[in-house]
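Quick notes on the structure that follows.
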Amino acid sequence: MSLPRKTVEDRFNGQILRVAGVTLLSDRTLSGGDSLASGPFLLRYGLVCLETPQRCIVPELVVMEYGEQLSGEAAWDFLLNHSNLHPRAEVLGRRDDGLEDQLRVSRLDLAQPPRVLVWPWPPDSDSLPLASPLAAVAAAPDTLPDRVRQFLPVYTSTADLRHDLP
């Protein structure tokens, strides 16, 4: 019997914008950049593919070499914390280009931070991510989902971001 496929995801209401060539996720409407989208979003998290680092896969199901299956939070915890014990485990999911894929854990670059991918809400099965932000702007960091704070640099303003740019 197979487990239902389930991604790790967070709901978020805010804005996606581009400031000085950097795509941002913001908890509020900001000026001084190009707004790409606003409203409710679904955030999913992708693991970087080792052989094609411009691609990532959003895990939906992990199948161990001995048959055990994990999905959702259990799969995510396994991939980030214990996958080195099972490099032949298979990861099934959807890549950031929308294609279904299946990769061995050994083909993931788990030394790279997961990518934050932003989908429209409500998502449909054929939708692609709207963006993959490189940073977040929040008046108070606790307005962002925990995983966003873990995987993206967080700024309190676009001026702070501009200060860090070369």
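Coordinate-derived values only; no laboratory data. Keep in mind that what you see is a predicted model, and the values were worked out from it rather than measured. Every residue, glycine as well, gets a Cβ built from its backbone with ideal geometry; the counts of neighbours run over all protein chains shown.
For the range 62-76, just list the computed ³J(HN,Hα) in residue order, Karplus coefficients 6.51, -1.76 and 1.60, θ = phi - 60°, integers in Hz, with x standing in for Gly and Pro.
10, 10, 6, 5, 9, x, 4, 10, 9, 9, x, 4, 5, 5, 4
Work from the charge dipole of the chain (Cβ charges, +1 for Lys and Arg, -1 for Asp and Glu, about the Cα centre) and give the residue of Pro40, Leu3, Gln15 farthest towards its positive end.
Gln15
Can you pull out the GluC sites (Glu not before Pro) in the range 68-166 that DSSP calls coil and that have at most 14 other Cβ atoms within 10 Å?
Passing both the DSSP loop test and the Cβ count: Glu68.
Hey, what did the range 9-164 get for relative contact order, percent, Cα under 8 Å, at least 6 apart?
RCO, the range 9-164: 24 percent.
Top mean-square fluctuation among Leu24, Leu43, Leu80, Gaussian network model of the chain, C-alpha springs under 10 Å?
Leu80
Chymotrypsin sites (Phe, Trp or Tyr not before Pro), restricted to the range 1-86: which are DSSP loop and have at most 13 other Cβ atoms within 10 Å?
Loop-located and lightly packed - Tyr66.
How big is the equivalent ellipsoid of the chain along its three axes, where each semi-axis is √(5λ) from the Cα gyration tensor, reported in whole Å from largest to smallest?
Numbers: eigenvalues 182, 52, 37 Å².
The answer is 30, 16, 14 Å, longest axis first.
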